[in-house]
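So the structure is just underneath, and the comments pick up after that.
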Amino acid sequence: MAVQTETLDPTSAVVLSRPPRSLWRDAWTRFTKNKMAVAATFVLVFFILVAIFASVLAPHDPLKIYDGKGYLPPAWQAKGPTGQAGDPRFIFGTDSLGRDVLSRVIYGTRVSLVVGIVPVLIILLAGVGVGLIAGYMGGKVDNLTMRFGDILYAFPDLLFFIIVMTALRDTPAGQMLNGLVLLFVALAIVSWIGLARIVRGQVLSLKEKEFVEAGRMVGARHGRIMLRHILPNCLGPIIVYTALRIPGFIITEAVLGYLGLGLRPSTRSTDYFITSWGALMLDGQSAINAQPWLLLAPAIAVAVVVLAFNFVGDGLRDALDPRMRDR
């Protein structure tokens, strides 16, 4: 009786021998398939380059006053509300003092992006650290930390920002970097608890996993387990939270600037941070009829940057979600 032998197709053996793609490579592949997220990434890169090279890209000194050129309409407008014609040298026109609007919007990119990014870095350090320790240690440490966070979380964010900026604006701390340092601290104080809660929830679900138990069995220190085993598995939610929190800070700065509580007006062209989009909108709201682009230009810039960050955040969320892996 002949025995039938089954032979494997050599091509199938090749397929089986391929190493599986890593989580990050798989996430990058899914992210690049999201056209809106990729387009938003290019938009953000464009604004970052504008902020870095503002002194090169700005056609005029943002603080230079051109006598007799106040409230000029945009260059494409033959006759503005004030009866003056647009000047090709000033694409978006000028403000009440005759300063170039486009140059001021370009320099305002620096403040808005820095205000969006620097507080998030502070929140990452505080929120991730507190969330890791609270979730891993548990017990009284977790309870006390989260109750303290609940107290901060219950305080209205915008009201806290307004109180801090109003009370400390004229102090030495409020004058550092034209008030930016105080703004960074105010934004970070009440915002870290959201990330801490996210990290804590991830740690609570991970600390009883087999790979963590194996680390304890071989005598690994608690710090090593948290940093080398638990934290890498929490990076997905952390990255998504960061990308979605940045536009909120940009809007907050614009609101505070619109209320006159943001960046202090600079009088020196050598300053790196001269004006912000919120401060420009404050100037524009009183001149909406005489020079609408004094308000429209920074408002459009804020909207575009916020939308870009939101699209990138949505793309990262979909790319890092394990449930999206098979779609």
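Tell me the angle of helix 23-33 to the major Cα principal axis of the chain, expressed in degrees between 0 and 90 and rounded to the nearest ten.
Relative to the chain, helix 23-33 is tipped by roughly 50 degrees.
Hey, if you put +1 on the Cβ of every Lys and Arg and -1 on every Asp and Glu Cβ in the chain, which of GLY257, PHE160, PRO62 ends up farthest toward the positive end of that dipole?
Ranked along the dipole, the leading option is PHE160.
Helix 192-206 against the longest principal axis of the chain: what's the angle in degrees, Cα atoms only, rounded to the nearest 10?
The helix 192-206 is inclined about 10 degrees to the chain.
For the chain, modelled as a Gaussian network with Cα springs under 10 Å, which listed residue fluctuates most, THR94, THR275, THR32?
In this elastic network of the chain, the residue with the biggest mean-square fluctuation among THR94, THR275, THR32 is THR32.
So between ALA303 and ALA214, what do we pick up on full extension, going 0.36 nm a residue minus the alpha carbon distance?
On the way: separation 89, 0.36 × 89 = 32.04 nm, distance 4.86 nm.
That works out to 27.2 nm of additional length.
What trypsin sites (Lys or Arg not before Pro) does the stretch 193-236 have in DSSP loop regions with at most 15 other beta carbons within 10 Å? Mind dumping the intermediate values first?
On the way: sites: ARG197, ARG200, LYS207, LYS209, ARG216, ARG221, ARG224, ARG228; in loops: LYS207, LYS209, ARG221.
Within the stretch 193-236, the qualifying trypsin sites (Lys or Arg not before Pro) (loop, at most 15 other Cβ atoms within 10 Å) are LYS209, ARG221.
Expressed as an acute angle from 0 to 90° and rounded to the nearest 10, what is the orientation of the C-alpha long axis of helix 235-258 relative to the principal long axis of the chain?
The two axes meet at around 10 degrees.
Using the Cβ atoms and a cut-off under 14 Å, what net charge is assigned to the surroundings of LEU282, where Lys and Arg are +1 and Asp and Glu are -1?
Working: positive: ARG104, ARG264; negative: ASP95, GLU253, ASP283.
Charge balance in the 14 Å sphere: -1.
If each DSSP helix of 4+ residues adds -39,500 (n - 2.57) and the sum is divided by the residues in the chain, what number results at 222 nm, nearest 500 deg cm²/dmol?
Values: 14 runs with 202 residues, N = 327.
-20000 deg cm²/dmol, from helical runs alone.
Once R0 is set to 22 Å, what does the formula 1/(1 + (r/R0)^6) return for the Cβ-Cβ distance between ILE122 and ALA173, expressed as a FRET efficiency to the nearest 0.05? Show your work: numbers first, answer last.
On the way: r = 15 Å, r/R0 = 0.69.
After rounding, the FRET efficiency stands at 0.90.
In whole Å, what is the distance between the alpha-carbon centres of the stretch 24-99 and the stretch 270-323?
11
How large is ³J(HN,Hα) for each residue in the stretch 174-183, as worked out from phi by the Karplus curve 6.51 cos²θ - 1.76 cosθ + 1.60 (θ = phi - 60°), to whole Hz, x for Gly and Pro?
Listing the rounded values in order: x, 9, 5, 6, 6, x, 5, 4, 4, 5 Hz.
Suppose we flag GluC sites (Glu not before Pro) only when DSSP calls them loop and at most 15 other Cβ atoms lie within 10 Å. Which is the longest uninterrupted stretch of the chain? Write down the numbers at each step before the final one.
Details: sites that count: GLU6, GLU208.
The segment 7-207 is the longest one with no such site.
By counting other Cβ atoms within 10 Å of each Cβ, how are MET217, MET176, MET281 ranked from fewest to most? Show your work: numbers first, answer last.
Numbers: MET217 8, MET176 12, MET281 22.
With the fewest neighbours first, MET217, MET176, MET281 line up as MET217, MET176, MET281.
Relative to the compact globular guide of 2.2 N^0.38 Å, what is the alpha carbon radius of gyration of the stretch 176-284, as a ratio? Don't skip to the end; give the middle numbers.
Values: Rg = 20.6 Å, N = 109, 2.2 N^0.38 = 13.1 Å.
Against the compact-globule rule of thumb, the ratio is 1.57.
Mind putting a number on the dipole of the stretch 241-327 about its Cα centre? Charges go on the C-beta only, +1 for Lys and Arg and -1 for Asp and Glu, and I need it in Debye to the nearest 20.
Working: 7 positive and 7 negative charges, 30 e Å.
Approximately 140 debye in magnitude.
Once you list every other residue whose beta carbon is under 14 Å from the beta carbon of VAL185, what net charge do they have if Lys and Arg are +1 and Asp and Glu are -1? Walk me through the numbers on the way to the answer.
Details: positive: ARG169; negative: ASP157, GLU253.
Combined, the nearby Lys, Arg, Asp and Glu give -1.
With Cβ to Cβ distances under 15 Å as the rule, what net charge do the other residues near ILE117 carry (K, R +1; D, E -1)?
Details: positive: ARG110, ARG245; negative: GLU253.
So the surrounding residues net to +1.
How big is the equivalent ellipsoid of the stretch 77-229 along its three axes, where each semi-axis is √(5λ) from the Cα gyration tensor, reported in whole Å from largest to smallest? All intermediate terms of the calculation are to be shown ahead of the outcome.
Working: eigenvalues 467, 72, 33 Å².
One finds semi-axes of 48, 19, 13 Å for the stretch 77-229.
Running Debye on the chain with equal point scatterers at the Cα sites and no solvent, what base-10 log of I(q)/I(0) appears at q = 0.07, 0.08, 0.14 Å⁻¹?
-0.41, -0.51, -1.13
How high is the relative contact order of the chain, in percent, counting Cα pairs under 8 Å that sit 6 or more residues apart? Provide the component values of the computation, followed by the final result.
On the way: 470 pairs, mean separation 77.1, N = 327.
Relative contact order, the chain: 24 percent.
I need LEU227, LEU295 ordered by Cβ neighbour count within 10 Å, fewest first.
Numbers: LEU227 12, LEU295 20.
Ordered by Cβ neighbours within 10 Å, fewest first: LEU227, LEU295.
In nm², what is the average projected area of the convex hull enclosing the Cα atoms of the stretch 162-208?
Values: hull surface 15.9 nm².
Its average projected convex-hull area is 4.0 nm².
Show me the trypsin sites (Lys or Arg not before Pro) within the stretch 45-143 that DSSP assigns to loop and that have at most 12 other Cβ atoms within 10 Å of their Cβ.
LYS64, LYS79
Can you tell me which of LEU296, LEU280, LEU144 moves the most in a GNM of the chain? Springs connect C-alpha atoms under 10 Å apart.
Highest fluctuation among the options: LEU144.
Considering the dipole of the chain built from charges on the beta carbon (Lys and Arg +1, Asp and Glu -1) around the Cα centre, which of SER96, PHE31, THR275 is farthest to its positive end?
PHE31
In a GNM of the chain with a 10 Å cut-off on Cα contacts, which of LEU159, LEU44, LEU263 has the highest mean-square fluctuation?
Between LEU159, LEU44, LEU263, it is LEU159 that shows the largest mean-square fluctuation.
What longest region of the chain stays clear of chymotrypsin sites (Phe, Trp or Tyr not before Pro) that DSSP places outside H, G, I, E and B and that have at most 12 other Cβ atoms within 10 Å? Could you put the intermediate results ahead of the total?
Numbers: sites that count: PHE53, TRP76.
Between the exposed loop sites, the longest stretch runs 77-327.
A short reminder: the numbers here are calculations on the coordinates, not readings from a lab. Note that this is a predicted model, so its numbers are computed, not measured. Using ideal geometry, Cβ is built from the backbone for each residue, glycine included, and neighbour counts are taken over all protein chains shown.
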